[in-house]
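Asker: Let me begin by handing over the structure; questions about it come next.
Laboratory data are not the source of any read-out in this text; all were calculated from the coordinates shown. Keep in mind that what you see is a predicted model, and the values were worked out from it rather than measured. Backbone-built Cβ (ideal geometry, glycine too); neighbour counts: all protein chains shown.
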Amino acid sequence: MNIENETIKSLVAVDSPLKQMLVDYVGKRYVKEEEEFDVTVGMIAETLATEFPEFMLVIAEENWIRGYKQGLDDAEKLYSEQTTE
């Protein structure tokens, strides 16, 4: 199964100073010449993973914990529904 997250490909809308800073930084990292460039969410994630892995690790761990908890909650709910029927 090949699942692809379309959000990774989406362009970043610059609507805050932090986004502007990230787009400028990542754009300069990917584009070597002074030209217009589009920065995607995936490009920012890759840059953060390379240059600030501690931050991305915290995000990944939190995501994993929430997903694991959701799976346990779903299993408990399914079990309780089956035992009441």
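Asker: Within region 47-57, can you find the residues that are surrounded by 10 or more Cβ atoms within 10 Å (Cβ to Cβ) and not aromatic (Phe, Trp, Tyr)?
Answerer: Within region 47-57, THR47, LEU48, ALA49, THR50, GLU51, PRO53, MET56, LEU57 meet the criteria.
Asker: Name the residue, out of ALA60, ALA13, that is surrounded by 10 or more Cβ atoms within 10 Å (Cβ to Cβ) and out of contact with any strand residue (DSSP E or B) (no Cβ under 7 Å at 6 or more places or on another chain).
Answerer: Criteria check complete, one pass: ALA60.
Asker: Next question. Could you list all residues from region 26-46 that are closer than 20 Å to THR7 by Cα and either aromatic (Phe, Trp, Tyr) or loosely packed, with under 10 Cβ neighbours inside 10 Å (or both)?
Answerer: Within region 26-46, TYR30, PHE37 meet the criteria.
Asker: What number goes with the only condition from (1) surrounded by 10 or more Cβ atoms within 10 Å (Cβ to Cβ); (2) among the polar types (S, T, N, Q); (3) more than 14 Å from the chain's Cα centre (by Cα) that THR83 does not pass?
Answerer: Every listed condition holds for THR83 apart from (1).
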